[in-house]
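Since the structure comes first, as structure tokens, the remarks are kept for the end.
Read the figures in this text as sums done on the coordinates, not as results from a lab. Model, not experiment: these values are computed from the prediction. Positions of Cβ are generated from backbone atoms using ideal geometry, with glycine treated the same way; all protein chains shown enter the neighbour counts.
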Amino acid sequence: MSDTLLIAHPAAARITELRRALAPKRWRATAGLAVSILVLIVVLGWAVAPSLLAGDDPRAGVPEEKFRGPSPQHWFGTDNLGRDLYTRVAHGAALTLSATVCAVLLGLVVGSAIGLVSGTLGGTVDAVVMRGVDVLLAIPELLSALVLITVLGLGTRNVAIAVGVALIARFARVMRSEVLRVRRAPYVEAAFASGVRWHTVLLRHILRTAYAPVAALAAVEFGVAVLAISSLSFLGYGAAPPTPEWGSLISEGRNYLVLAWWMTTLPGLVIVAVVLAAQRIGRAIGNTEDR
């Protein structure tokens, strides 16, 4: 009995040491996830009810107050026309995030459908579809969106479509990989062997199991889409001024970098915060599903 205790004691002490060593890391991970969720809640609040969290009119300005730095009266300062920059960022969230959601949904729905069908049917269909997906993946998403936007024309709606189409290949690849993994499961093989139609197996068995990694990818791609849409808006492909949009706000401030650094820096930090928050949440979803 005493020998058992002597052997177990060092093991128990080692486990306690490991828990203490991992505690700060777990706390940082939890705190980072909480901050990421808070960032998205604030940004969604701007998009849903900007007038409650900021000023009523993002286009109204006071010329006498132009180029005012950040202060308690103007949290993000004012621009070259005396407009409150925080109000414009808050009101611009609705347009930027709505375009982002549309782009991610387009890529998610179409890409997942392609991956499901390709992975389920296999054979020649899978080979041909995946070769096309590989070609699209070889082209940077922003470059693909730029090519599409030149065909579709200017405007936030067309920017959202272009970015969404550029995201299709990534969703198709991930969904197809998950379908191939799930397709080898015994219950799926049994369903096929019993004569169940392929589309029934696809919806009832495969999709129910394979959706989790795609959901994690959707969270990550949300941040990618925010960055891509803001970049295209910065280049002038999005909404026309004076409509507030995050990318166009940075574009408006680039001519005043020395005189009013906050016109580009603070909207840019908002975009960075949203992108990092989306990626952190996406990793958390992926880690949860791996356990």
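Report the FRET efficiency, 1/(1 + (r/R0)^6), for residue 73 and residue 143, where r is their Cβ-Cβ distance and R0 is 25 Å, rounded to 0.05.
That gives a FRET efficiency of 0.05.
Assuming 1.002 mPa s and 20 °C, estimate D for the chain with Stokes-Einstein, Rh taken as the Kirkwood radius over Cα pairs, in µm²/s.
D, rounded to a whole number, is 98 µm²/s.
Do you know the relative contact order of segment 24-174, to the nearest whole percent, from alpha carbon pairs under 8 angstrom that are 6+ apart?
Reported as a whole number, the value is 22 percent.
At what distance in nm do the modelled label points of residue 199 and residue 121 sit from each other, each positioned 7 Å from its Cα along Cα→Cβ?
Computed distance between label sites residue 199 and residue 121 equals 1.2 nm.
Could you tell me how many degrees, from 0 to 90 and to the nearest 10, lie between the Cα long axis of helix 123-137 and the main elongation axis, the longest principal axis, of the Cα atoms of the chain?
Around 30 degrees separate the two axes.
Within a 10 angstrom radius of the beta carbon, how do 46, 261, 246, 75 rank from fewest other beta carbons to most?
Fewest to most other Cβ atoms nearby, the residues stand as 261, 75, 46, 246.
At a 10 Å Cβ-Cβ cut-off, how would you order 131, 83, fewest neighbours first?
Listed from fewest to most nearby Cβ atoms, that is 131, 83.
Restricting to DSSP H runs of at least four residues, report the calculated mean residue ellipticity at 222 nm for the chain, -39500 (n - 2.57) per run over all residues, nearest 500 deg cm²/dmol.
Taken over the chain, the calculation gives -26000 deg cm²/dmol.
By how many degrees, between 0 and 90 and to the nearest 10, does the Cα long axis of helix 156-183 differ from the longest principal axis of the chain?
That helix lies at roughly 10 degrees to the long axis.
Nothing charged except the Cβ atoms of Lys and Arg (+1) and of Asp and Glu (-1): what's the magnitude of the dipole of segment 43-290 about its Cα centre? Round to the nearest 20 debye.
Dipole of segment 43-290, to the nearest 20 debye: 720 debye.
Rank these for me by crowding, 156, 243, 87, going from fewest to most other beta carbons within 10 Å.
Ascending number of Cβ neighbours within 10 Å: 243, 156, 87.
From the residues 277, 71, 188, which one has its Cα farthest along the dipole of the chain in the positive direction, the dipole being from +1 and -1 charges on Cβ of Lys/Arg and Asp/Glu about the Cα centre?
After comparing all options, I get 188.
Pairing the Cα long axis of helix 141-152 with the longest principal axis of the chain, what angle in degrees results, from 0 to 90 and rounded to the nearest 10?
60
For the chain, calculate the relative contact order in percent as a whole number, restricting contacts to Cα pairs under 8 Å that are 6 or more residues apart.
Reported as a whole number, the value is 22 percent.
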